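Working notes, structure below.
The values are calculated or read from the model by the stated rules, or taken from the named source; none is laboratory data. Model, not experiment: these values are computed from the prediction. Please note: Cβ atoms are built from the backbone with ideal geometry, for glycine as well, and neighbour counts cover all protein chains shown.
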2 protein chains.
Amino acid sequence: MSDAAASAGRRGRSARRERRQSSAGGISTPYITRGIPFYDVLSDEAAEKIEEQTDRLLWEIGLEFREDPEVLKIWKDAGAEVDGERVRFPKGMLRELIKTAPAQFTQHARNPARNVEIGGNNLVFAPVYGPPFVTDLDQGRRYGTIEDFRNFVKLAYMSPWLHHSGGTVCEPVDLPVNKRHFDMVYSHIKYSDKPFMGSVTAPERAEDSVKMAQLVFGEDFVDQNCVMIQLINANSPLVFDATMLGALKVYAKNNQACIVSPFILAGAMSPVTVAGTLSQVLAEALAGCALTQLIRPGAPVVFGAFVSSISMQSGAPTFGSPEGSLLLNGASKLARRAGLPFRSGGSFTASKVPDAQAAQESAQTIAATVQSGVNFCLHAAGWLEGGLCSSYEKFVMDADQLGMMHVLARGIDTSDEAMAMDALQEVGPGGHFLGAAHTQRNFEGAFYRSSIADNNSYEQWLADGELDAAKRANTIWKQQLRAYTGPELDPAIDEALLSFIAERKASFPDSNV
Amino acid sequence: MSDAAASAGRRGRSARRERRQSSAGGISTPYITRGIPFYDVLSDEAAEKIEEQTDRLLWEIGLEFREDPEVLKIWKDAGAEVDGERVRFPKGMLRELIKTAPAQFTQHARNPARNVEIGGNNLVFAPVYGPPFVTDLDQGRRYGTIEDFRNFVKLAYMSPWLHHSGGTVCEPVDLPVNKRHFDMVYSHIKYSDKPFMGSVTAPERAEDSVKMAQLVFGEDFVDQNCVMIQLINANSPLVFDATMLGALKVYAKNNQACIVSPFILAGAMSPVTVAGTLSQVLAEALAGCALTQLIRPGAPVVFGAFVSSISMQSGAPTFGSPEGSLLLNGASKLARRAGLPFRSGGSFTASKVPDAQAAQESAQTIAATVQSGVNFCLHAAGWLEGGLCSSYEKFVMDADQLGMMHVLARGIDTSDEAMAMDALQEVGPGGHFLGAAHTQRNFEGAFYRSSIADNNSYEQWLADGELDAAKRANTIWKQQLRAYTGPELDPAIDEALLSFIAERKASFPDSNV
């Protein structure tokens, strides 16, 4: 058998497995629409108290917008009080401004079947974002490369449980800093047909991202529709820096979505309490979201919150902490009350390996993510070591967990078929349901089938080589990469992208800043 | 330094650590009182639909009460329709009967500071129950012994996050089946002062458990107060067997609490759907709970639900599944609507080792446990391998997770001090909160301090020996057992217990049935 035939055979099996898995999960849509209620830990009264403090904070303290006179002028013209780089907001000003932002919007993918709805009752899972390192059980931890980057794009494409291709799935450290955005955006377009994220590390790289999107979707389409979503972090506490403001302006002007995210480790970049931190999160998110509406009213924008805590002993960041879950939950309610889509959550952990700590911390955060009503979940798979490392094994372990979340988010079906009265009547006291007609009709899609979990007997597990979850995951991601076949890309578009990239790359020297 | 001095030194450090941890977690009560709302996945309409099906099921199908003519007579006298061992219940009969059961009750511990409130807004964590095997990283998996049993009682006693000493923390397989209950109950009384569970494996063993409780608490006190809680499993579907009925009658008659628990692996012992399974759970729990009230109106009783699913490929039980979480959540609402305390949840996993699978499955179930409103959580720490194995490492890993749940269950404090306006005013844009006066006042109790998680840098983790969570847990449980010092036990009570046990043991031959 030739390599190609072997590969096709693997692909066939893999495709069948994926279809089976999809059908087992009953998934036919490219994102989650919740069948369960929002879980709010904050009461309405508590939320109001936090909002009142945010109003005071915005007026009495204000935010700084650094090294960007254009933004300061925008704020002044809009009625804010501007004193140097400090901007103070009269009560109600920001809430008035965000009224033009859509409560829900579509991010288009180049394959329309992969479009995602961001906001409302929907939840979109996207992979890990930003790690300079990658790791796997075979090679260990090392700097990420563009090959790793492509691999993670492929793994996200292969998973029925990841709805989005993400952005910086790892830093391709083998490419120059000022040119790697071309290869990253191209990889998302080429190796996946799921929606993706653009570059934010400099305004011109944002412009390049928009230009590439225009080559794929057309200029008019991009101007009228969201085809990219971007991560704009606040420099907490209460600061937006020129880099992030530059990217925000480019994307908002082009009608592309910004996720305005306070990036907070509570105790260091915010007060050491959940409620105090929430009032700061709300202030930063409102200010950034409102700014997008001043640049282009109606531009899609997402209220973000990347909030965890630190160890008060060592100062090290902690993840998957109960305080992190409470922060996530509280911010979710504040975003919903503000009428904006909400981004938070992920497969967070401070662990260095895909062990029990990693799984426990990720599971705690993902549960809070789903229940709280997050609309866009970045870092949903692959995160390790406080976000410094993308893990191949953890990627597929997390993706499996996301599959479980699809089931959980559906809630409890109480249709007549789900009530199963006929099964209970057929079987009766002391009987067995495996052979019942109702079981036969329903068993295929009945229970989620984990790709990672080992439910066999101890003896069978011994015979299978005593593998732990990480070792089983190691086999799975390698199988998936071998089975990968990419989506079609119109050769004319591909060529246009490659020409644009070649021309742009040749127009300025490499640099690592 | 003598061994005793070294041990005292360790005790001192351990006690300080425990106090610090308690104070860090802000825990001053011996159980959790929720500061967060109940999270209900089932709507009221959906719950009513399930309850209506349960009514039909109870009347049209009924339950079997096997090999216990006394119970059949009790049902007949109460107005049920009895046909052989099959008992059918007119609509509303069981709900009328359970009205005498308390919605909340106190289980007394021999140390009154350890009393727990079961029901209402409270949550009590108890250790794993029932495994014949134990495992640790040093010795591997083997049959449990009475020494292992005592070790788990000691570990539960040492943990600030376990409120209860539990019951069969592992099977002491080195003791004869018909006499090991003496040693188990005695170990709970001797090595802990937290509340505990009695034997249910035969009516005479239940009588022995009551007798031993009477020696500790006094006969009158036991007759008027709950000092033991017991696990009475239904033999699902829709059957109660003579063993469980025998124990139920002894405990109810003596005013001791029964947890009536359908023990269901959906797809085998119930329909393959969540809603269908819930209607069966409700039928079994209502029938068992009502029976206790016929035996002694007002006797404390708990609506239990041990419900998971099976792999539809292999038939193997699965744990920590999304369907399991939905079942737990739905059953919790049904129990609350029935006005009864609810038992469910735990550190469930099918994994054979304390790895990522174990942690992920446990975390998913524990999150659902806390949010759904479980009142008594058995198996909260130490469960491995589908309940066949008590794991030393997982015990302390789970206990750490329970500590996090204490924080989560408190919810979000919005007192003026928690709002931290003074910190925000002091620090301002671009500042750092570590040195703020508010941080200094609050940092000690601010964030949960995990005993297991490693939040250090990768380089520090390498220097520390590249330990994963399980290996760190291995160090911790051994430290804890070395540091253990038991609570005082009145020598007269101790002597009375030992005499009673010696006399009883001598009165009949050893047997392994």
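Quick check on A:HIS406: is it facing chain B (nearest Cβ under 7 Å), crowded, with 20+ Cβ neighbours inside 10 Å and touching a residue at least 12 places away in the same chain (Cβ under 8 Å)? So A:HIS406 fails the test.
The sole residue among A:GLY276, A:GLY267 that is on the phi > 0 side of the Ramachandran plot and within 10 Å of another protein chain (Cβ to nearest Cβ) is A:GLY267. Restricting the range B:279-308 to residues that are of a type in the set (Val, Ile, Thr) and either within 8 Å of chain A (Cβ to nearest Cβ) or in a strand (DSSP E or B) (or both) leaves a set whose member that is nearest to A:ALA423 (Cα to Cα) is B:VAL307. Consider A:VAL124 carefully, then state whether it is crowded, with 19+ Cβ neighbours inside 10 Å, among the β-branched types (Val, Ile, Thr) and in contact (Cβ under 8 Å) with a residue 12 or more places away in the chain. Yes: the conditions hold for A:VAL124.
Which count do you get for residues in the range A:329-367 that are surrounded by fewer than 24 Cβ atoms within 10 Å (Cβ to Cβ) and among the basic types (Lys, Arg)? Residues in the range A:329-367 being surrounded by fewer than 24 Cβ atoms within 10 Å (Cβ to Cβ) and among the basic types (Lys, Arg): 2 in total. I need the full set of residues from the range A:457-499 which are within 14 Å of another protein chain (Cβ to nearest Cβ), small (Gly, Ala, Ser) and assigned to a helix (DSSP H, G or I), in order please. Within the range A:457-499, A:ALA463, A:ALA469, A:ALA470, A:ALA473 meet the criteria. The criterion of at least 1 residues that are closer than 30 Å to B:LEU462 by Cβ is met, among strands (runs of 3 or more DSSP E) falling completely within the range A:48-149, by A:133-136, A:140-143.
Criterion first (within 9 Å of chain B (Cβ to nearest Cβ), of a type in the set (A, V, I, L, M) and not in a helix (DSSP H, G or I)) does A:ILE366 satisfy it?
No; evaluated as a whole, the condition is false for this residue.
Does the range B:374-383 include one or more residues that are over 30 Å from B:PRO172 (Cβ atoms), modelled with pLDDT of 95 or more and outside any helix (DSSP H, G or I)? No, the range B:374-383 contains no residue that is over 30 Å from B:PRO172 (Cβ atoms), modelled with pLDDT of 95 or more and outside any helix (DSSP H, G or I).
Look at the range A:40-51: where a residue is touching a residue at least 12 places away in the same chain (Cβ under 8 Å) and within 7 Å of another protein chain (Cβ to nearest Cβ) and a partner is among the small types (Gly, Ala, Ser) and surrounded by fewer than 20 Cβ atoms within 10 Å (Cβ to Cβ), sitting 6+ places away or on another chain with Cβ atoms under 9 Å, you get A:VAL41/B:GLY35; A:VAL41/B:GLY411; A:LEU42/B:GLY411; A:ALA46/B:GLY411.
Being facing chain B (nearest Cβ under 7 Å) and without any contact (Cβ under 8 Å) to a residue 60 or more places away in the chain is the requirement here; does A:MET419 meet it?
Considered against the rule, which asks whether it is facing chain B (nearest Cβ under 7 Å) and without any contact (Cβ under 8 Å) to a residue 60 or more places away in the chain, A:MET419 comes out as yes.
Within the range B:138-152, one or more residues are over 21 Å from B:ASN512 (Cα atoms) and out of contact with any helix residue (DSSP H, G or I) (no Cβ under 8 Å at 6 or more places or on another chain). A:ALA502 meets all of the listed conditions (1) within 13 Å of another protein chain (Cβ to nearest Cβ); (2) free of Cβ contacts under 8 Å to residues at least 40 places away in the same chain; (3) not in a loop (DSSP other than H, G, I, E, B) but one, namely (1). Would you confirm whether or not the range A:351-360 contains a residue that is among the hydroxyl-bearing types (Ser, Thr, Tyr), in contact with a strand residue (DSSP E or B) (Cβ under 7 Å, 6 or more places away or on another chain) and more than 8 Å from chain B (Cβ to nearest Cβ)? No, because not a single residue in the range A:351-360 is among the hydroxyl-bearing types (Ser, Thr, Tyr), in contact with a strand residue (DSSP E or B) (Cβ under 7 Å, 6 or more places away or on another chain) and more than 8 Å from chain B (Cβ to nearest Cβ).
Look at B:VAL82 and say whether it is in contact with a strand residue (DSSP E or B) (Cβ under 9 Å, 6 or more places away or on another chain), under 23 Å from B:GLN230 (Cβ atoms) and among the hydrophobic types (A, V, I, L, M, F, W, C). It is false that B:VAL82 is in contact with a strand residue (DSSP E or B) (Cβ under 9 Å, 6 or more places away or on another chain), under 23 Å from B:GLN230 (Cβ atoms) and among the hydrophobic types (A, V, I, L, M, F, W, C).
Is it true that A:LEU424 is at the interface with chain B (Cβ under 7 Å from one of its Cβ atoms) and surrounded by 24 or more Cβ atoms within 10 Å (Cβ to Cβ)? Yes; evaluated as a whole, the condition is true for this residue.
The set of residues from the range B:245-264 being under 11 Å from B:ALA206 (Cα atoms) and of a type in the set (Val, Ile, Thr) comprises just one member, B:VAL250. When the residues of the range A:206-238 are filtered to those that are in a strand (DSSP E or B) and closer than 15 Å to A:GLY304 by Cα, the one that is farthest from the other protein chains (Cβ to nearest Cβ) is A:ILE229. For the range A:439-456, the candidate set comprises residues that are facing chain B (nearest Cβ under 7 Å) and not in a loop (DSSP other than H, G, I, E, B); within that set, the residue that is farthest from A:ASP400 (Cα to Cα) is A:THR439. Look at (1) in a helix (DSSP H, G or I); (2) over 17 Å from A:SER390 (Cα atoms); (3) more than 7 Å from every other protein chain (Cβ to nearest Cβ) and you find that A:LEU340 fails only one, number (1).
Can you say whether A:ALA436 is in contact (Cβ under 8 Å) with a residue 24 or more places away in the chain, surrounded by 21 or more Cβ atoms within 10 Å (Cβ to Cβ) and either more than 7 Å from chain B (Cβ to nearest Cβ) or farther than 27 Å from B:GLU284 by Cβ (or both), as far as the supplied structure shows? So A:ALA436 fails the test. Write out, first by first residue and then by second, each pair whose Cβ atoms fall under 7 Å of each other, whose residues are 6+ apart or on separate chains, and whose first residue, in the range A:309-328, is within 7 Å of chain B (Cβ to nearest Cβ) and buried (at least 24 other Cβ atoms within 10 Å of the Cβ) while the second is part of a helix (DSSP H, G or I) and of a type outside the set (A, V, I, L, M). Between residues of the range A:309-328 that are within 7 Å of chain B (Cβ to nearest Cβ) and buried (at least 24 other Cβ atoms within 10 Å of the Cβ) and residues that are part of a helix (DSSP H, G or I) and of a type outside the set (A, V, I, L, M), the close pairs are A:SER309/A:GLU323; A:SER309/A:GLY324; A:SER325/A:GLN364; A:SER325/A:THR365.
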